[in-house]
Amino acid sequence: MTLATRIQEWVEPRAEEMAELLEKLVALDTENPPGRGLGQCAAYLYEVMDRFGFAPEIIELAPHDQLEEPRVVQGRVGDGPRLVYFHGHFDVVPAQSRAQFTAERRNGRMYGRGTADMKGGVVSMLYGAAAARDLGLLGDGSIVFHLVCDEETGSDASSGHLRRAGLIDTSALAMVTAEPTGGVIWHASRGALTMRVELRGTEAHVGQAHLGDNAFQHMVNVAAPLNALAKELLEKRTAFPMEDEAAKGSMMVVGGASGSGVNFNAVPGSAWFSIDRRFNPEEDVDEEIERLSTLIHSAAEASGTTASIEIVQRQPSAGVDRAHPVARLLAGSVAEIEGTAPPFELCPGILETRWYAQLGMPAFGYGAGRLDVSHGPGEYVDEAAMRRCAAVYAMFAAKAFA
Ligand SMILES: [Zn+2]
């Protein structure tokens, strides 16, 4: 009997309990924002992991925005020194309707908020790890779980804490997160840089406009070269594979939000706008900050004013070569369970892998959910795909620790 068959014969009879666990997780409303019920969901996951014998621990996090009892649930399977991280998140994006918190099983699918992104992924990881342990596949390795609670709002409170507190072992072989990749492997992700740029002027009544200095006009002057740059950046295509060729450009949106907090009958004394820059794995966040700051300050100077720049979000990009030995192990694991080798793609958004990749660890997204239904009103996960995904995780652990 092949290992793939042995693993699947362990997973398949557990179809009903996996579905039940997912139903219970969906029913725990963890909408983020605002980050509701996180403590309650963490406590439930603790209980589930305890039943599995995964030595769970709850890490209480410092208060952050509106997150309600933010927690990380950690767990460990096996006691060998070689590590692989299974990383998941249990917050979900706000639902389109309350009915989404009652999971519904139809035509082999489980519908509900978080089924794809990514409570279904968490279920796959838990069962994948249990299969690997029960079948004696962990060798001299261990799987460490990090289940975090604020991925949908940037994960600074939880993954950021793990990183800052030195709770990520940099010697680990790999990290896998169960994001809804729809069966492809995300081996790279974009970085994100958000800036708020404020221009100063002098406020004056519109009847005395000659006494004022129009900050809005300065803003237009500063935005013009930024818009030109945004066009140029779109031509800078990443070498990482993406399904949509046109999406490969390096992205920048100027003026995602903007304003000049004054009445219409006054010359605006200040004006601000935002820049949201989503850069490719080939680009470096600090170089991007430098490039944009230089452009903004020189355009402001040419316009006769000064600009102040606030960095609202700074997330580096991440990327692993698909020829990396661990990337090949993961692709090989998928091929053995699914029958065909999966494509590698650049994740169009930012990804939790970045927290690990920054430490030099190969990090990947792979999950059964589909990205195109995640966050939407018809979110679902295919139950059979969720089980095959569990088998892939078990196979990956076996290969990593072989
Ligand atoms: Zn997600």
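Numbers at a glance
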read-out: Residue pairs meeting the criteria (Cβ under 7 Å; at least 6 apart or on separate chains; first in the same structural domain as VAL148 (by TED's automatic domain parsing), in segment 53-72; second of a type in the set (S, T, N, Q) and part of a loop (DSSP other than H, G, I, E, B)); value: LEU61/SER158; PRO70/SER158; VAL72/SER158
read-out: Filtered residue count, segment 142-157, keeping only those that are crowded, with 24+ Cβ neighbours inside 10 Å and either over 12 Å from the mean Cα position of the chain (by Cα) or among the β-branched types (Val, Ile, Thr) (or both); value: 5
read-out: Among the residues listed as ASP65, ASP91, the single one being at pLDDT below 95, acidic (Asp, Glu) and closer than 19 Å to ALA157 by Cβ; value: ASP65
read-out: Subset of segment 292-307 (residues that are surrounded by 14 or more Cβ atoms within 10 Å (Cβ to Cβ), assigned to a helix (DSSP H, G or I) and not hydroxyl-bearing (Ser, Thr, Tyr)); value: LEU292, LEU295, ILE296, HIS297, ALA299, ALA300
read-out: Wholly enclosed strands (runs of 3 or more DSSP E) of segment 61-155 bearing at least 3 residues within 15 Å of the ligand (Cβ to nearest atom); value: 82-89, 141-148
read-out: Count of segment 329-383 residues which are without any contact (Cβ under 8 Å) to a residue 24 or more places away in the chain and among the basic types (Lys, Arg); value: 0
read-out: All positions within segment 308-334 that are within 12 Å of the chain's Cα centre (by Cα) and either within 16 Å of the ligand (Cβ to nearest atom) or part of a strand (DSSP E or B) (or both); value: GLN315, ALA318
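For every residue, the table says whether it meets (1) under 18 Å from VAL11 (Cα atoms); (2) of a type outside the set (A, V, I, L, M); (3) buried (at least 23 other Cβ atoms within 10 Å of the Cβ).
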| site | (1), (2), (3) |
| --- | --- |
| PRO70 | no, yes, yes |
| VAL73 | no, no, yes |
| HIS87 | no, yes, yes |
| ARG98 | no, yes, no |
| ASN107 | no, yes, no |
| ARG113 | no, yes, yes |
| GLY121 | yes, yes, yes |
| TYR127 | yes, yes, yes |
| ASP140 | no, yes, no |
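The values are calculated or read from the model by the stated rules, or taken from the named source; none is laboratory data. As the structure is a prediction and not an experimental result, all values here were calculated from the model. Every residue, glycine as well, gets a Cβ built from its backbone with ideal geometry; the counts of neighbours run over all protein chains shown.
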